[in-house]
Structures are given as structure tokens and as C-alpha cells.
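Shown next, in C-alpha cells, is the structure this report addresses.
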């Protein structure tokens, strides 16, 4: 409730502290004193946290790994609250990974109806890179599912059989970019997610995280 509504509730005797009717100007210690409204305990809301993590290669996108491998939980243990990954990046992939303790936010980002785009810088090898790049932008089926055509750009030719591509997808299915490349005869040697929606990884160092701004959080509501 608003501050004015809270003050009115106190004046009308609806608020108690440790079983005694509270009055304006009193103080209470969070976690020690029990505050009730209309006889029901008031439980503080959990502070919502929204992070962007630069996940390094070789780190598991999991809060617990049965094999004892390094996980994203190890990288955000200094956040001060338990946060969870929004979506996944496989073990060999790196880059932008959102993490939060806000389930509604996570659902908005991941739900297919919102069509949040994800852009990857993709290092590939293959015998016919030019033909493969053209095929990548066409409709295709992955694991029996027809995916939307990706936006593919050749960023740099490294050698006759190596190139750096920009691949933007919308579905984000399991290992989708790798499977797309495999289907046209390309082998992915490095995969870096550089953006998700309007959010960009920028110069955030590998293994580090930062909090999202209010504007960045709201951008996923549009």
C-alpha cells in the first residue's frame, strides 16, 4: 500500500507490533518484530534481482552440477540472493546470460509469443562456407520442429574454410545454432551470444556480471 494508506491503517488500529496495537512514529526491527495487518503477519517482499552475466566457455548453466563442474552459481554467489538462469547456454557456448529471482520476468523473456531475438557471433569451419551461409537463412527443421528463418550475416572471412558469422534466431531451442550449422555442413568452433532482445553484452568481461537498469528490465515488457 502507499505510505498514506499505511498511515491510515495504523491510525485506525489495524496494525500491530508483537501483539500490541501500533502507533505512528514507532519503529520496528525487520526479522525480529512481528508486524500484523488485520491480524495477519506482514511478510516482506523478496527483493527482485535482474542480472546480465557473461558466461565463460566451460561453465555449466545450472545452479547445481552433479559432476562437480564449475557452474553459473559460482559466478554470482556474491549477489546476496539466489538467482536462476533465464534460458540456457550450453557448456561450450559463452556470452550473455540473464539471471533473476523474478519468475514472471523469466517467463516473459522465454515465452515464444514474445519472440525475443538472440544474436550469436559464430565461428565456423566448412568446405563451402558461402553456400552454407545462404542455406542458413532459409526455413529448416531442427529436431522435427520447423524454425523461423534466421538472420545470417558474414562478418569476416578468416580463411577459405573458416568464417565468422552473425546469426540471429527467435526460438532459442536446445543447441539450435549448432544444429542449424551442422545441417548445412558447418562445424561451430566458437559460439558467443552478444545480444538478447535490445540488451547487448558490450564490454562486460568474461565471468563478470552487472545489474540491469530499469529501462533494460522494462524493455522486455514491450
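Relative contact order for the chain: what is it in percent, counting Cα pairs under 8 Å that are at least 6 residues apart? Please report the intermediate quantities before stating the final value.
Values: 378 pairs, mean separation 47.0, N = 222.
The value is 21 percent.
Compared with the alpha-carbon gap, the fully stretched path from residue 9 to residue 190 is longer by 59.3 nm at 0.36 nm per residue. Multiplying the residue separation of residue 216 and residue 79 by 0.36 nm and removing their Cα-Cα distance gives an extension gain of 47.5 nm. Once the Cβ-Cβ distance between residue 104 and residue 179 is put in as r, and R0 is 30 Å, what FRET efficiency do you end up with, to the nearest 0.05? The pair residue 104/residue 179 has a calculated efficiency of 0.50.
Across 181, 119, 36, mean-square fluctuation computed from a Gaussian network of the chain (C-alpha pairs under 10 Å connected) peaks at 36. Stretching the chain fully between residue 2 and residue 27 yields a gain of 7.2 nm (0.36 nm per residue, less the alpha carbon separation). Here segment 181-222 is scanned for amide nitrogen atoms under 14 Å from the site 7 Å beyond the Cα of residue 65 along Cα-to-Cβ, giving 207.
Between residue 36 and residue 200, what's the calculated FRET efficiency when r is the beta-carbon distance and R0 is 45 Å? Round to 0.05. It would help to have the intermediate numbers written out before the result.
On the way: r = 46 Å, r/R0 = 1.03.
About 0.45, to the nearest 0.05.
Taking 37 °C and 0.692 mPa s as conditions, segment 116-222 diffuses translationally at an estimated 221 µm²/s according to Stokes-Einstein applied to its Kirkwood radius (Cα pairs).
With a/c under 1.5 counting as rounded, go ahead and sort segment 9-72 into rounded, prolate or oblate using the C-alpha gyration tensor (a ≥ b ≥ c being the square roots of the eigenvalues; past the cut-off, prolate if a/b is larger than b/c, else oblate). Prolate.
What FRET efficiency would be calculated for the residue pair residue 115, residue 91, taking the C-beta separation as r and a Förster radius of 25 Å, to the nearest 0.05?
Numbers: r = 26 Å, r/R0 = 1.06.
Efficiency, from the Cβ-Cβ distance: 0.40.
Can you tell me how segment 1-120 classifies by the Cα gyration tensor, rounded, prolate or oblate, using a/c under 1.5 as the rounded cut? The shape class here is prolate.
Under a 10 Å cutoff between Cα atoms, tell me which one of 154, 186, 40 has the largest fluctuation in the Gaussian network model of the chain. Among 154, 186, 40, the largest GNM mean-square fluctuation belongs to 40.
Throughout, read-outs are computed from the coordinates displayed, never taken from laboratory work. This one's a predicted model, so the numbers in the text were calculated from it and none came from an experiment. Backbone-built Cβ (ideal geometry, glycine too); neighbour counts: all protein chains shown.
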